[in-house]
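Enquirer: Take a look at the following structure, please.
The values are calculated or read from the model by the stated rules, or taken from the named source; none is laboratory data. These numbers were taken from a predicted model, which means no experiment stands behind them. Quick reminder, even Gly has a Cβ in these numbers, built from the backbone with ideal geometry, and neighbours come from all protein chains shown.
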Amino acid sequence: MHVIRRLGAGALAAALVLTSSVAWAQTRIEFFFPVPVEGKLAREMTRLVKQFNDSQKDIEVTAVYTGSYDETKLKAQAAAKAGKPPSVVLMSANFTVDLKLAGDILSLEPFLAAEGTTREKFLGDFWPALHANATVDSELYGVPFHNSTPLLYINATHFKEAGLDPAKPPRTWVELVDAAKKLTKRDGEKVERHGFMMPGGYDYLGWLMSALSMSNGGRYFNESYGGEVYYDTPSMLGAAKLVEDLVYKHKVMPSGVIEAGGVSTAFFAGKASMVLLSTGSLSFIRENMKTPYDVAFVPRNVRNAVPIGGASLVMFKGQSEASQQAGWKFVRWLSSTDVLGGWSRFTGYFAPRKSAYDTAEMKDFITRNPDAKVALDQLAYAQPWFATYQTVAVRKALEDEMQAVMNGKKKAEQAVKDAQRKADELLRPYIDQTALKLP
Amino acid sequence: MTVDAIITADVLDVPSSPVRTVRRRRFASWRLAYMLLLPSLLGLAAFTYLPVLRVAIDALHVTPHGAGGATRFVGLENFARVLGDAAFRQAALNNLIYAVGTVGPSVVLALLFALAVRRSTRFNAVVRTILFFPSLVPLVAAASLFFFIFLPGVGLLDYYLAKLGVSGPNWIGDTDVALWSIVGLTVWKNAGYYMLFYIAGLQNVPRDHIEAATVDGANAMQRLWYVILPALRPTTAFVITIALIHMLTAVDHVVVLTKGGPSNATNLLLFYIFQEAHENFDTGKAAAATVISVAVLLLVSLGSLRGMEAGSRREA
């Protein structure tokens, strides 16, 4: 008995020592980040994290480079499943819905409440187009970090050669087709230079199809309900038909699928005069394009509209209270005006905060790089990014059909019908649990 | 039996002694054997047997993604869903075409390479290294290189074809061509590796058989067909076995080059499993597809290994 009591006292003392030492020690947290563009970005991110660690003594952040967007999601979810969730993850912005539905990430509302602010106030400084992808079911789940939209890049030299004015890039689909025809160079049946090209690989294609259908007045998906996509609609059919016609009627775009790397290479090599790529490629193109180029809005048929892309900071469930608080502090620091502005100038992505563009450094940067200004102006027309239940599979349903169209295996009319059928099948389990779960 | 014999005889150096001592010694030696095996057994259990068990269990359950709801037992339903999935059937068909298209040409090429460089001369050593080189390049790196070779219009392949006045297709972006481009890459990558086995196999073809055939007036073709090839039967069976295993276990190039596209034209079974598990979060379906692929793999390996044994017995 005596022994037990003494043991108990000892344990208590040990526990006291332990907790007090914990209270004094730093909180260590992990931060997973992807790099969609290789090399320099990872080094810059490591530098930022070091700067944060040096700026205070309470929190020690370990930055873990986790590959592409998709791999980052995989690794973060695997770590969470194994009981060691990362505190903060930089996650592709359209995965937020899926992660929330899977119950993997924390609502950020309690942190806002603790700061005495509201979601509306907090998001007030972020571009309106970014709000939808940061919130799920009217709660904040992600803090936007860097963002992009599709952009039309044109070869100015080719424009002059073809008798077009590079200062007036095509604004509508009619002008786009017209310019593409003039820019295409043929040698008999063989095409020497294509007037237009766009990436057709998975992920990119879905994003660009959403840009084209939005420019055609469409929405692609239901922003407030994860169980609906609008594939078999006039706006998507028009977009699909445009792609089909560019290849097979106007013959200004190569048939088959070309990945983003192939499209930018063709643009650099002067084999494509106009290309549709992300604003995230702006720095890459600026550094590698040898001849003069220009950028322009994605041409419209009905209205100017593009989806956003990019990544948000999310926090994982299953971490201790101390770790959560530390993680939130780090999120707040990373998403501060200065850090976001610096990262934007380094990468070419947008800074999601409007205030970042009021700083002197940014104003100076925009004056020196007018192409960044065009990309920024287009943000006024930006729409939320496609996000549903089973985002990737539902997107692939459309992409598989569009790839068949680009290969001449299917007509646009049939393709959008088949894509809709496949997507509805995939969404069915969610629909049954939600919209069709009736009293 | 063999382990027992070796340890008893060699390691413990057992002299001929009364039965009881032998039995006790034998027990001790078994214990030693198991103790020596323990680390590898633990590793095997943790990283092979448990996952295998887990996959078998997962294949019989369904875990709804996100929509709320717990894991439940569904029996063979996952297998029915996998077999009814058009994407799975296409991946299986693609895999079959890929296997037949790759294994045949790479084994024939490997044999021809081996016959050409079997004599050890300095020149042949250089040629061997060149032929073996593609095997030294990791598949991911090879695929990244081929991305630039296959680039439509500006790629290396199209560049040289243009010099001949030919315009190539969109190598990995055309639904009819993409799988064959993947086949071509794989043959380039693997033939040199299989060549090594044939070079080794050729050293074991009895010289006197070849000489006897030559004396009997057989020409080179006849010597190859009636003497060398039958003697190489165990090598061929082995090479075909590992080649077939490669067909189901290596999809790095698909991941790098096409992600299974366009329109699933280059989707292979392993990549389909990856997509079901990590893109669609359907662990049940992924597990069922895994069980099916591994079963096929086991059958194929068993068949070829049988062939190999039969071949070597005939040799002996």
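Enquirer: For the subset of the stretch B:196-232 comprising residues that are of a type in the set (G, A, S) and under 32 Å from the mean Cα position of the chain (by Cα), which member is nearest to B:L131 (Cα to Cα)?
Expert: My answer is B:A200.
Enquirer: Right, B:A142: surrounded by 14 or more Cβ atoms within 10 Å (Cβ to Cβ), touching a Lys or Arg at 6+ places or on another chain (Cβ under 8 Å), aliphatic (A, V, I, L, M) and in a helix (DSSP H, G or I) or not?
Expert: It is true that B:A142 is surrounded by 14 or more Cβ atoms within 10 Å (Cβ to Cβ), touching a Lys or Arg at 6+ places or on another chain (Cβ under 8 Å), aliphatic (A, V, I, L, M) and in a helix (DSSP H, G or I).
Enquirer: Another question, then. Consider A:A387 against the criteria (1) more than 14 Å from chain B (Cβ to nearest Cβ); (2) within 30 Å of A:T117 (Cα to Cα): it satisfies all of them except one. Which criterion is unmet?
Expert: Against the list (1) more than 14 Å from chain B (Cβ to nearest Cβ); (2) within 30 Å of A:T117 (Cα to Cα), A:A387 comes up short only on (1).
Enquirer: In addition: When you look at B:A237, is it under 23 Å from B:A200 (Cβ atoms), in contact with a Phe, Trp or Tyr (Cβ under 7 Å, 6 or more places away or on another chain) and more than 12 Å from chain A (Cβ to nearest Cβ), yes or no?
Expert: Numbers: under 23 Å from B:A200 (Cβ atoms): yes; in contact with a Phe, Trp or Tyr (Cβ under 7 Å, 6 or more places away or on another chain): no; more than 12 Å from chain A (Cβ to nearest Cβ): yes.
Spelling it out, it is not the case that B:A237 is under 23 Å from B:A200 (Cβ atoms), in contact with a Phe, Trp or Tyr (Cβ under 7 Å, 6 or more places away or on another chain) and more than 12 Å from chain A (Cβ to nearest Cβ).
Enquirer: Counting residues that are within 28 Å of A:K354 (Cα to Cα), which helices (runs of 4 or more DSSP H) fully inside the stretch A:121-190 reach at least 1?
Expert: Values: elements: A:131-134, A:156-161, A:173-183.
The helices (runs of 4 or more DSSP H) meeting that bar are A:131-134.
Enquirer: Something else: Kindly indicate whether A:L112 is under 29 Å from A:T46 (Cα atoms), in the same structural domain as A:W333 (by TED's automatic domain parsing), free of Cβ contacts under 8 Å to residues at least 40 places away in the same chain and in a helix (DSSP H, G or I).
Expert: yes
Enquirer: Out of the residues in the stretch A:204-217 meeting the condition of being of a type outside the set (A, V, I, L, M, F, W, C), more than 15 Å from A:A93 (Cβ to Cβ) and at pLDDT 95 or above, tell me which one is surrounded by the fewest Cβ atoms within 10 Å (Cβ to Cβ).
Expert: In this case the residue turns out to be A:G217.
Enquirer: Collect the residues in the stretch B:249-264 that are away from chain A (no Cβ under 14 Å) and either buried (at least 19 other Cβ atoms within 10 Å of the Cβ) or farther than 19 Å from B:H278 by Cα (or both), keeping them in residue-number order.
Expert: Selection gives B:V251 alone.
Enquirer: If a residue must be farther than 30 Å from B:G261 by Cβ, outside any helix (DSSP H, G or I) and not basic (K, R), how many such residues does the stretch B:71-129 contain?
Expert: 8
Enquirer: Still on this structure, please answer the following. Would you check if there is a residue in the stretch B:47-66 being at pLDDT below 65, in contact with a helix residue (DSSP H, G or I) (Cβ under 8 Å, 6 or more places away or on another chain) and under 30 Å from A:D432 (Cα atoms)?
Expert: Scanning the stretch B:47-66, I find at least one residue that is at pLDDT below 65, in contact with a helix residue (DSSP H, G or I) (Cβ under 8 Å, 6 or more places away or on another chain) and under 30 Å from A:D432 (Cα atoms), so the answer is yes.
Enquirer: Also: For residues that are buried (at least 23 other Cβ atoms within 10 Å of the Cβ) and among the polar types (S, T, N, Q), scanning just the stretch B:156-195, find the one that is nearest to the other protein chains (Cβ to nearest Cβ).
Expert: Checked the stretch B:156-195; the qualifying residue nearest to the other protein chains (Cβ to nearest Cβ) is B:N170.
Enquirer: Output the number of residues of the stretch A:45-76 satisfying the condition of being over 19 Å from the mean Cα position of the chain (by Cα) and either outside any loop (DSSP other than H, G, I, E, B) or within 14 Å of chain B (Cβ to nearest Cβ) (or both).
Expert: The qualifying residues number 16.
Enquirer: Also, quick follow-up: If I ask for residues that are surrounded by fewer than 22 Cβ atoms within 10 Å (Cβ to Cβ) and over 14 Å from the mean Cα position of the chain (by Cα), which ones from the stretch B:265-274 would you list?
Expert: Scanning the stretch B:265-274 gives B:F271, B:F274.
Enquirer: Which residues, counting only those in the stretch B:172-193, are small (G, A, S), assigned to a helix (DSSP H, G or I) and touching a Pro at 6+ places or on another chain (Cβ under 7 Å)?
Expert: B:A178, B:G192
Enquirer: Only one of B:A87, B:A28, B:A99 is in contact with a Phe, Trp or Tyr (Cβ under 7 Å, 6 or more places away or on another chain) and surrounded by 12 or more Cβ atoms within 10 Å (Cβ to Cβ). Can you tell me which?
Expert: Numbers: B:A28 fails: in contact with a Phe, Trp or Tyr (Cβ under 7 Å, 6 or more places away or on another chain); B:A99 fails: in contact with a Phe, Trp or Tyr (Cβ under 7 Å, 6 or more places away or on another chain).
It is B:A87.
Enquirer: Follow-up question, since we're still on this one. Which of the residues belonging to the stretch A:77-109 are part of a loop (DSSP other than H, G, I, E, B) and in contact with a strand residue (DSSP E or B) (Cβ under 6 Å, 6 or more places away or on another chain)?
Expert: At the first step, the residues of the stretch A:77-109 found to be part of a loop (DSSP other than H, G, I, E, B) are A:82-87, A:102-104, A:106-108.
Correct list: A:P85, A:P86, A:S87, A:L106, A:S107, A:L108.
Enquirer: While we're looking at this one, here's another question. Return yes when A:Y225 is modelled with pLDDT under 95, over 19 Å from the mean Cα position of the chain (by Cα), at negative phi and of a type in the set (S, T, Y) and no when it is not.
Expert: Yes: the conditions hold for A:Y225.
Enquirer: If you take the residues in the stretch A:224-255 that are outside any loop (DSSP other than H, G, I, E, B) and β-branched (V, I, T), which one is nearest to A:L208 (Cα to Cα)?
Expert: Within the stretch A:224-255, the first condition is being outside any loop (DSSP other than H, G, I, E, B), and the residues that meet it are A:229, A:234-248.
From what's left, β-branched (V, I, T): A:229, A:243, A:247.
Values: A:V229: 15, A:V243: 11, A:V247: 16 Å.
Looking at residues that are outside any loop (DSSP other than H, G, I, E, B) and β-branched (V, I, T), I get A:V243.
Enquirer: Ok, one more. Would you say A:E175 is within 28 Å of B:A178 (Cβ to Cβ), acidic (D, E) and assigned by TED's automatic domain parsing to the domain that holds A:K396?
Expert: no
Enquirer: Every residue in the stretch A:249-267 that is farther than 22 Å from B:T258 by Cβ and either touching a residue at least 60 places away in the same chain (Cβ under 8 Å) or within 14 Å of chain B (Cβ to nearest Cβ) (or both), please. Talk me through it step by step, then tell me what you get.
Expert: First, pick out the residues of the stretch A:249-267 that are farther than 22 Å from B:T258 by Cβ: A:249-252.
The answer is A:H250, A:K251, A:V252.
Enquirer: Scan the stretch A:106-130 residue by residue and report those that are polar (S, T, N, Q) and in contact with a helix residue (DSSP H, G or I) (Cβ under 6 Å, 6 or more places away or on another chain).
Expert: none
Enquirer: Exactly one condition in (1) under 21 Å from the mean Cα position of the chain (by Cα); (2) within 14 Å of chain B (Cβ to nearest Cβ); (3) more than 27 Å from A:K160 (Cα to Cα) is not met by A:I308; state its number.
Expert: Every listed condition holds for A:I308 apart from (2).
Enquirer: If you go through the stretch B:256-273, how many residues are in a helix (DSSP H, G or I) and touching a residue at least 60 places away in the same chain (Cβ under 8 Å)?
Expert: Counting residues in the stretch B:256-273 that are in a helix (DSSP H, G or I) and touching a residue at least 60 places away in the same chain (Cβ under 8 Å) gives 5.
Enquirer: Now for a different question. Somewhere in the stretch B:287-305, is a residue in contact with an Asp or Glu (Cβ under 9 Å, 6 or more places away or on another chain) and assigned to a loop (DSSP other than H, G, I, E, B)?
Expert: The answer is no, given that none of the residues of the stretch B:287-305 is in contact with an Asp or Glu (Cβ under 9 Å, 6 or more places away or on another chain) and assigned to a loop (DSSP other than H, G, I, E, B).
Enquirer: Which condition does A:L334 not pass, out of (1) within 14 Å of chain B (Cβ to nearest Cβ); (2) in contact (Cβ under 8 Å) with a residue 12 or more places away in the chain, if it passes all the others?
Expert: (1)
Enquirer: Okay, moving on. So if I check each of A:D424, A:D400, which one is part of a helix (DSSP H, G or I), more than 10 Å from every other protein chain (Cβ to nearest Cβ) and among the acidic types (D, E)?
Expert: Going through A:D424, A:D400 in turn, the sole match is A:D424.
Enquirer: List pairs: first in the stretch A:339-355 and free of Cβ contacts under 8 Å to residues at least 24 places away in the same chain and within 20 Å of A:N288 (Cα to Cα), second buried (at least 20 other Cβ atoms within 10 Å of the Cβ) and of a type outside the set (S, T, Y), Cβ under 9 Å, 6+ apart or cross-chain?
Expert: From residues that are free of Cβ contacts under 8 Å to residues at least 24 places away in the same chain and within 20 Å of A:N288 (Cα to Cα), the pairs are A:R345/A:A351; A:R345/A:M362; A:R345/A:A372.
Enquirer: Quick check, is A:A167 in the same structural domain as A:V247 (by TED's automatic domain parsing), surrounded by fewer than 20 Cβ atoms within 10 Å (Cβ to Cβ) and of a type in the set (A, V, I, L, M, F, W, C)? Let's see the steps before the verdict.
Expert: Values: in the same structural domain as A:V247 (by TED's automatic domain parsing): yes; surrounded by fewer than 20 Cβ atoms within 10 Å (Cβ to Cβ): yes; of a type in the set (A, V, I, L, M, F, W, C): yes.
Spelling it out, A:A167 is indeed in the same structural domain as A:V247 (by TED's automatic domain parsing), surrounded by fewer than 20 Cβ atoms within 10 Å (Cβ to Cβ) and of a type in the set (A, V, I, L, M, F, W, C).
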